[in-house]
Structure formats: C-alpha cells, structure tokens
Amino acid sequence: MKIKLLLKIALIAFLIGGINTSCTKVIDVDLNSKDPQFVIEGFVTLGETTHRVNITKSLDIDQGIAFPTVDNAVVTITDDLGASTSLSLVSPGVYECTGYAVSEGRTYTLTVSVDGKVFVASGKMMQDIPLSSVQTFEFAFGPDTIHAVVPLRQDIANVKNFFQFNLYNNHERVVGNFIQSDQYNDGNMMMEPLFADGIDSGDTIDVVMFGIEETVYDYFYTLQQNEQGATPANPTSNFSGGCLGYFSVRTKDVGQIVIP
Amino acid sequence: MKNYIIFTLLFICFGAFSQEKYTISGTIADSTKGEELINAKITVKGLGQGTFSNEYGFYSLTLPKGTYTLIYSSTGYDPKEVAIELNQNLVINQRISSLADKVHQMAEVKVTAKKEDQNITDPIMGVERLNPAAVAKIPVLLGEKDIIKSMQLLPGVKSAGEGNAGFYVRGGAADQNLILLDEAPVYNAAHLLGFFSTFNSDAIKDAVLYKGNQPANFGGRLSSVLDIKMNEGNNKRYNVSGGIGVISSRLNVEGPIVKDKASFLISGRRTYVDMFLRASDKFKDNTLYFYDLNAKVNYRINQKNRVFLSGYFGRDKLGLGDAFGIDWGNATGTARWNHIINDKLFSNTSVIFSSYDYKISISSSDVSFDIKSSIKDINLKQEFQYFINTRNKMRFGINAINHNIIPGQIDANEASGINPITLTPNKSLEAAAFVTNDFTLTENFTLSYGLRLSTFSLLGNGQNTYSYDTDGDVSDTTVYKNNSFVKTYPILEPRVSMSYVYSKTASFKAAYARNAQYIHLVSNTTTSSPTDLWIPSSMNTKPEICDQVSIGWFKNFKENAYEMNIETYYKSMQNQIDYRNGANLQANELIEGELLYGIGRAYGLEFILKKKTGKFTGWVGYTLSRSERKIEGINNNQWYASKQDRTHDLSVVGIYDITPKLSVSALFIYYTGNAVTFPSGKYTIDGQTQFLYTERNGYRMPAYHRMDIGVTWYRKNTEKFESSWNFSLYNVYGRENAYSITFRQNADNPAVTEAVQTSLFRWVPSITYNFKFK
C-alpha cells in the first residue's frame, strides 16, 4: 500500500495548487568516498534451467562512469542434496549456468570467490504461486485517469508470502521497485495494484511475478524506504563475507494485459 | 530552678513567635474583561516582599500585623496601590486596568519603565513566558499568529524545519515536549503536515515553556513542558472578534452568561486552501482543509468555588477526489473545580479527556478499506497549593492517566481482498504523586525544590504480548489477563532550582531535574507525519530518563529595560529509541522488534538580550549546542549526531511602534542545517543506481536563513469597535532554503549522479484584516 506515496502526492498538490511553488535545483555537495565494494545479484528461478549471477563494483558518487564489471570470479551453485553447477562468464559481469533444474523445497547455496574473498548466500525455494490473471484498476485524478496494474493470485494462508514484479510497457522495462507482501491479505485472492508512471490506454503491459524470500523482500523494502526520505540505511544482504547485493531463490510466472 | 529556666526560655520563644500574622488572599483580574491574571505581582511597598498569583489568579500573602501598602501589577497593566490595615485575615479581590485599553486613544505613547525583574529573581530556570500580545506583532508565515512558531525564536527552542510543526528543545526529540492546553495534553500540535500549529492565538491567555527544569507538578516528557492557558471569556460584556486572512479566517465570540459570575468563550478557525485548488482543473476534486474549535464555559458558584468546562476540537482533512482521503485530529475536554479551602490553601480538581486519531480511507468502484489508529487518555488530577507563609509556598498533589492506544485497525470490504484486523489495543496506567516547595531563604536567595514519584504500569489486554531477542525476532509470546499488571516501572524524579540575587540587577541560578517519559512516538521520517504512532513502555521498551543540569547568569540594565540571560545546560538521556534499517512501522503487530535502544546526551549555551520597553523592543537570541545518540546497532555503536543537532541558532527580532497606530516588525533567523545521512558511494541493483551509506548523520544540510517583515496598522479604535490590518512578507530576500536534498541520475547521462535540493517557500506575502466588536 503506497500510503506514503499518496501522502506525497497530496503534499505536492497542496504546494502547487496552493500558495507558492516549491523549487528544485541541482547543487554541489561535497561527499566522502568509499573503497569499491563487490556487488552480487544472484538468481535461481523455479521452472528455468539457466540461472544468472551479476557481479559489479561500487563507485564514488562523483565518478561519472559506468559501473565496473567483475570478470574474474569463480561462481558455483550447490543444492542441499549435493547437486552443483558452476557458472561461467557469458558477458561482462554476467555469469550463467545451463541445464540446472531446480525444485520446490530445496535449499540452494551460491558461492562467489574473487580476489581472495569468498561470499556465500543460501535460499530455499518456496511453494509456487501462479499468477491467475492481470487486471487493471483505474481512478480519476482531476482530468486524468491513473491506470494501475493488478496481478491477481491466490495467496497461501498461514505462510508469509512475498512478491517482486518486473513490468514491461510495450516491451520496455518499466523503472521501479515493485514489491508486495501478504501482511494484510493472507490466504486471500491478492489484488493489490502496482502504480507506475507512463501507463496509458492501449499500452501492452507484461507482468513477470516472482515469489521471493523474506530476506530479499526486506532488502528491496529498505531500498524503497531509502527513496522516501526516511533516515536511509544500507539494506541487509543475505551474503556473508561483506559484499553488497542479494541472492534470490524465487518462483516465477508471467501475464499480460492491454490497458483498455 | 531548671523548670524556671525552661519555662522562661519557652516563654521567650513563644513570645517571639507569638507576633500575630494575618493573611491577605483573593484573586486579581482584568477590570474590563474580568479575566483572571496569571503570574501577576502583589508586592508590599517598601518591604521588598511579595507573591505572585497562580494560574487561576489566586494569591495569598501572610504578613505580621500592621499597616501596609500593597501594589498589584502585571505586564501591560497599570499598577494599583492599596493601603491596608492588617489586623485580621483579609480577602481582597482586585481589578487592574490594561494599558492597551488606554494607549490607542492617546496621541503619544507613554513610556513606562516597568519594574520587571522576574527573570532575575525567579528561582525556576530555563523558562520562557510568551505573552500573546507580543506574539501578535511578530511576522509569521501567511500572517497566522502562531504561538509555537514564535516560541522557536527563543534560544534553546528549535523549529523542526519548514513544513514541520514539531519543535526540539535543547537537543531533545519532537515527542519529548509535553504540550498542555488547559491541562489537557495535545498529541499532535500540527496542521497540514506541519505548516501550521493547532493553537488559535485569539483564545490564548498565557503560554509558558519550561525547557527541562520544570517543577515537580509536571511530568511525563523529557525535554519540555509548554503550558498553555486559554482565556475564560469576558464576563462583563460581549465581544465578537476575528480576522480574515489569505489562507484562513478566525472568529472569536465571548461574553457573560451571568454578569461577573459566569462567562463563555467560543473560538474557531478554518482554512480554505481548497478553494484555491478548485481554481485548478487538475486539482479541483481535492479536499484540503483544517479547522480548530475552542469552547469554554466557567461559573463562579461563590467566593470560594468555581467550575470550568473546556474543550478543543481540531481536524485536518486531505483528499484526492473520492479515491483517497486522510484525516486526523485532536479532541480534548477538561472539567475543573477550583476550591479555596482557606486563605492559605487552594485546591484544583481536574478530570481530563484527550484523544488523537487518524484515519486513512481508500475507495474506488467496489474496493474500499480504512486504516485507523488512535490514542485516548483519561486523566484525574488533584492538586493543592499551600501558601504557608511569606517564605514558603508549597504545592502537592496526585495524578493518574489511563492511556488506551489502538495501534492500528483495518476495516475492509469483501471485494478488496484485504483482511480486516485490529491490532491489539494496549492499555497502561501512568500515575504520579508530587510535592514541591518554593522557599525564600533570604531576600536574595530563593530555592524551589521538589520530588515527583511517577509509576507506569502496562496493563494486560487478554491477547498476545511479545518479547524480542537482540535480532528483533520474537523470543516469547505470553497472554496476560485483561487489566492485570504486566510490568510496572517506578521512577523517582527529584527537581531543584535556585536563584541567588547578588546585586539589585543580577543573579546566578543553578538547577537539576530528572524527568521520566513513559510513552514514545515512533517515527522514522524526516517530516512529522500524522500517521506517527505512540507506543507505551513495556517488557522490551524501557521508560526514557533524562538528567539535566543547568547554570545561568541573569543581568538587567537600565532599570530592567534590558534583560540579558545566559544559560548553559547538560542533559544525559537513557533508553533512547531508534530504528533498524528498513523498519516497517505501519500497522505492524511486531513493531517493537524494529526498535533499537541506547543513550543520548546534549549540551549547549543559550544567550538572549531583550529590550522590553520603549518604542523599539525586541531581542537577539543565540544558541550554541550539540545533541548526540549512541544506539546499539547503529553507526557501529559509535556516537552520532541526532537529527535535531543544530550547532548555531540565531534569532533577531525587532518591533518598532512608529506611532500608536502603526507598528513595524522584522525578524532574521539563521541556523545550521540538520544532520543528515548522505551517500558515500553508489552501486547498481536490478539496473537502478542505489546509494551506499557509511556514517549515520555524518553530513549537514546547508545553513538556513531568512528575513521576514510585517506592518500592523491599527486603523480604528472606538468604544464599540476596533480594527487593524496586518501585512507581512515571509522570506524577504527569497532565499531558497533547502527542505530536502536527494540524489538522482542525470537525465542525459545516467552515469552521472547529481544532488537535487528542494525548497518550499520563497516570497510569501499576506494580508489579514482583524476586527473586534466590543
């Protein structure tokens, strides 16, 4: 529930429609620097046999270059029954393995060794939740209509379920951090809408829904909180060894809708 | 022989004490309005002794038999002298005339050098008394006279920033201030996300701010007590007054119900910002308003008994069409009974109800749900004031508050797919007993000392109560019987304050106080939000405790025309609260698992120089301070600057009465920016740039400064009607003061990160028309 977002809209409405306009401008801020850190994003997805790990490094704020990729890492995935696979570099910073089937209930461990450091994370594959359908939810905001996308799915009762979404608008990835939890809808047909800019009538929206673990949900929830101006903090990574990033063992389903 | 000596000694002693003493008591009030005067001075001419009236205008003075001249006076009033022959107890109810009633009819302003040296002699330190008449002339945002915004112009009191109604006192958090309106606590003192405060200045009689060294009759918050008393209502004639402004208007109706015996007051204020929104096509279906309503009635049954009934209702509403709405507000109600037991003993009994609640509603086509939360208090207070003799004035009493907090309740219809839940309400009982004495040791040395014993008990509610481990996970779940005592915290709070007047115009003061706070506001946003939640102390969250020590030097010049106060303080705080990374504070049953605990400290130097008389009045206030926290689990367990840390804070206020009909004022403020957490690096997650943070609050926002000016034109002043115009300009040189600084990718080159500053108000002019039918 994007309460804080809606509160923000109300505040801006007040400021713009009210007395005076608020102004924004770009300024210079003198910031400290930090030694570059390893950033690992690892994915093991139910229903797929190809799994991917991205490894990059962090930069100082004032460095206006692309994030450096890490190409010399040794990356392996093992499950709790001992079946393992190694991932090889397929493009700068991207490691993939093929032919590795994954199933519900298994625990997968990702190990990354690079420059003398070892980073390890584990995750357990949860029960699959399919995407029943994709609907839309509209409401009027002055003369405009805001279209939101509703991914309908039946939540599993008495289990904490967390979801992450990738949205594509006319095949272009929509920028945003889309996560939901079943805190208020446990056991129900979940129909919480997703709000994003630029969704208009006639657009084809592809929804990819991932069932994720609580640690990964908390990771993205912290990133979301940071955007909203609360005292920002680094999200807790499920990796040991001191790197940034996360390892997500997730289920997946897809759906599509054309906005009426 | 021995018996004779003893008998003689006893006779001498008895003889010495047998000098007869009598008491003069009564009330002191305004002659035109009948309003009792708070803190008015009754001095004995030539003797240098005297007393002050209490918050109900009652005074009591005990002197040896003899002939005296008493002087009754108060700031802004013509002093009155009364000759008395004291050979029995006397009751004198005095009326004095306000100077304001005379001034506007005169061609010149009479310069009265008031002998106001209370800042030197008062043993209570760290106190600011704000006169609503003075507040009226200070320019503020949108011409709204605002007692809280004006208080922030004094040293030691810092505003939480533009767009924030909260304030910080001596490095304490915004929830550590107890705001009392006619003894009822007001939980949310802000309208519209912080742009205005909830106090309608028209109805306010007196406001006192204690910055941590409050006497033992106050308790429950660490940093300050803002004690606001409303007018009772003119008990001689009807008055209708009000003001029409750009953003809001107000109306005040008061008058006698039974002349000189009973009166009422109704005061209201409403904004109409939503009218401006209607002008815009995009926002015309939106709602945005707030209102305040104060109502009071009082009845003097007889010379010794008086009853009061007062209430306050305020609400804010924000809405986006029909789809989304949020409203919140306070409601308070107080019933009081003053009883004068005898010439020396005054009693006040109060029953107080206070509540704050908010509701968020979302509805569209078939889906609808509401989220509600509230805190409701019922408070019983019994207080006695015992004017023992000229040297001792004692106060003692008891107080019990029942807090009932509903942390979250969700009501949803079937179609929404959301489960309706009610988070378990938590109930607690906060009780206290106190005794305090103002003791005049010698003419130059006065001491105020007291002890408060407070206790807090968390009561069972028949549902799950959780305990947590250090990782914030639930370690234990227990069910306690409804209304059983789950956990009780007793805390002893000693308070002592002294003043040593070493010359006619100067004094030194020192004070120590311990304060306990049992309920805490959970909020991790930079701006105060109406959805912030109050939680009680529990098995996991301990009461906050603060020990504050302060010393000061007070000096007046030119017959009290100038007042200079310099104070320094040190505060040590225990059981301070902060939040885990990514804490989920909304409607979370396990909210205590998101909290982290530690200690805090704050220290500073406050300086103020005031000019109180003459055509030109004003002050310069400056505070140099530091406020830090050390919380287990944050910033590697190192000390870090708290959000409200502000190194320099300067205010300069000037008011010039050009003629009795025209007055101009200006103010200039400068302060160091808040401590903030900025990134020290960046990385990519899922194709988006994220920021890397190192030290908590290791950076500063840019310094804030602005100048405001105002002009008040007292246009008409006749027997029946008064009117004035007020013009003000907020932020005269249009400085873009930073409200927030965020980081984002440059639109043209995503690899480049830029810092974006948002500022709120540049030039804001306003006009208000004020009127009064007398």
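Coordinate-derived values only; no laboratory data. What you see is a predicted model, and the numbers here were worked out from it, not measured in a lab. Heads up, the Cβs are rebuilt from the backbone with ideal geometry, glycines too, and the neighbour counts pull from every protein chain shown.
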Looks like the stretch B:117-245, by Cα gyration tensor root eigenvalues a ≥ b ≥ c and the a/c under 1.5 rounded cutoff (else prolate when a/b is bigger than b/c, oblate otherwise), is oblate
Over all Cα pairs of the stretch B:631-774, the Kirkwood radius sets Rh, and Rg/Rh then becomes 1.20
Lys and Arg at +1, Asp and Glu at -1: neighbours of B:Gln548 with Cβ under 9 Å from its Cβ sum to +3
Computed over the stretch B:479-604, the distribution of all Cα-Cα distances in 10 Å bins, rounded to whole %, is 10, 28, 25, 18, 12, 5, 1
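Based on DSSP, what percent of beta bridges with both residues in the stretch B:229-355 are antiparallel, to the nearest 5?
100 percent
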Unit-weight point scatterers at every alpha-carbon of the stretch B:305-359, Debye formula, q = 0.17, 0.18, 0.20, 0.26 1/Å: log10 I(q)/I(0) is -0.66, -0.69, -0.76, -0.95
Partner shielding of A:180-188, taken as the mean number of other chain Cβ atoms within 10 Å, equals 4
The computed P(r) of chain B puts the percent of Cα pairs beyond 42 Å at 32 percent
Percent relative contact order for the stretch B:344-401, counting Cα pairs under 8 Å at least six residues apart, stands at 37 percent
Averaged over the residues of A:53-65, the number of partner chain Cβ atoms within 10 Å of each residue's own Cβ comes to 5
The correct pair for the protein assembly as shown, radius of gyration to one decimal and Dmax as a whole number, both in Å and from Cα atoms, is 32.5, 120
Flagged as over-length at 32 Å C-alpha distance, from B:Lys381/B:Lys615; B:Lys296/B:Lys643; B:Lys149/B:Lys317; A:Lys57/B:Lys158; B:Lys344/B:Lys610; B:Lys555/B:Lys720, the pairs are B:Lys381/B:Lys615; B:Lys296/B:Lys643; A:Lys57/B:Lys158; B:Lys344/B:Lys610; B:Lys555/B:Lys720
Correct response: the longest run of chain B lacking exposed GluC sites (Glu not before Pro), defined by DSSP loop and at most 13 other Cβ within 10 Å, is B:109-442
Checked against the positive end of the charge dipole of the protein assembly as shown (+1 on Cβ of Lys and Arg, -1 on Cβ of Asp and Glu, about the Cα centre), the farthest of B:Tyr518, B:Asn581, A:Thr78 is B:Tyr518
B:Asn444 and B:Ile266 label points (each 7 Å along its Cα→Cβ direction) are spaced in nm at 5.7 nm
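Cα-Cα pairs above 18 Å in the stretch B:328-392: how many percent?
Pairs farther apart than 18 Å: 61 percent.
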Here the Cα Rg-to-2.2 N^0.38 Å ratio for chain A is 1.12
Honestly the stretch B:385-431 on the Cα gyration tensor test (a ≥ b ≥ c root eigenvalues; a/c under 1.5 rounded, otherwise a/b vs b/c for prolate or oblate) is just prolate
The Cα radius of gyration of the stretch A:49-201, divided by 2.2 N^0.38 Å with N its residue count, comes to 1.33
In the stretch A:83-165, the GluC sites (Glu not before Pro) that sit in a DSSP loop and have at most 14 other Cβ atoms within 10 Å of their own Cβ are A:Glu104
Counting only DSSP loop positions in the stretch B:709-755, the chymotrypsin sites (Phe, Trp or Tyr not before Pro) whose Cβ has at most 14 other Cβ atoms within 10 Å are B:Tyr733
Plugging the Cβ-Cβ distance of A:His171 and B:Arg735 into 1/(1 + (r/R0)^6) at R0 = 56 Å yields, to the nearest 0.05, a FRET efficiency of 0.75
With the charge dipole of the stretch A:118-260 built from beta-carbon charges (+1 for Lys and Arg, -1 for Asp and Glu) about the Cα centre, the Cα from A:Met190, A:Gln127, A:Phe239 projecting farthest to the positive end belongs to A:Phe239
Out of B:Ser724, B:Ala751, B:Met701 - ranked by how far each Cα lies towards the positive end of the dipole of the stretch B:683-774, with unit charges on the beta-carbon of charged residues - the top one is B:Ser724
Note on the stretch A:135-260: C-alpha Rg/Rh, Kirkwood Rh, two decimals, gives 0.99
Magnitude of the Cβ-charge dipole (Lys and Arg +1, Asp and Glu -1) of the stretch B:484-606 about the Cα centre, nearest 20 debye, reported as 500 debye
Given unit charges at Cβ for Lys, Arg (+) and Asp, Glu (-), the dipole magnitude of chain B about its Cα centre in debye, nearest 20, is 2860 debye
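From the C-alpha gyration tensor of the stretch B:251-351, pull out the three semi-axes of the equivalent ellipsoid (sqrt of 5λ each), sorted largest to smallest, in whole Å.
Working: eigenvalues 362, 44, 10 Å².
Computed over the stretch B:251-351, the values are 43, 15, 7 Å.
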The summed charge of the B:Ile634 Cβ neighbourhood (under 13 Å; Lys/Arg +1, Asp/Glu -1) stands at 0
Rounded to a whole number, the mean other protein chain Cβ count within 10 angstrom for residues of B:413-424 is 3
So the pair-distance distribution of the stretch B:30-89, from every Cα-Cα distance in 5 Å bins, comes to percents of 4, 17, 27, 27, 15, 8, 2
For the stretch B:556-629, the Cα gyration tensor yields equivalent-ellipsoid semi-axes (√(5λ), largest first, whole Å) of 44, 15, 8
The helix B:2-17 Cα axis meets the longest alpha-carbon principal axis of chain B at an angle in degrees, between 0 and 90 and rounded to 10, of 70 degrees
Taking Cα atoms, the helix A:3-17 axis meets the longest principal axis of chain A at an angle in degrees (rounded to 10) of 40 degrees
From the Cα centre of the stretch B:428-499 to that of the stretch A:110-125, the distance in Å is 49 Å
Computed for chain A: size of charge dipole around the Cα centre, +1 on C-beta of each Lys and Arg, -1 on C-beta of each Asp and Glu, debye to nearest 20, value 260 debye
In whole Å, largest first, the alpha carbons of the stretch B:612-654 cover along the principal axes 56, 12, 11
Rounded to the nearest 5, the percent of antiparallel DSSP beta bridges in the protein assembly as shown equals 95 percent
Long-range amide H partners of B:Asn89, meaning residues 5 or more apart or on another chain whose placed amide H is closer than 5 Å, are B:Thr23
Length gained, A:Ser103-A:Ser201, 0.36 nm per residue minus C-alpha separation, equals 31.4 nm
Counting Lys and Arg as +1 and Asp and Glu as -1 over every other residue whose Cβ sits under 15 Å from the Cβ of A:Asp186, the net charge comes to -3
Loop-resident trypsin sites (Lys or Arg not before Pro) in the stretch B:363-450 with no more than 14 other Cβ atoms inside 10 Å, DSSP not H/G/I/E/B, are B:Arg391
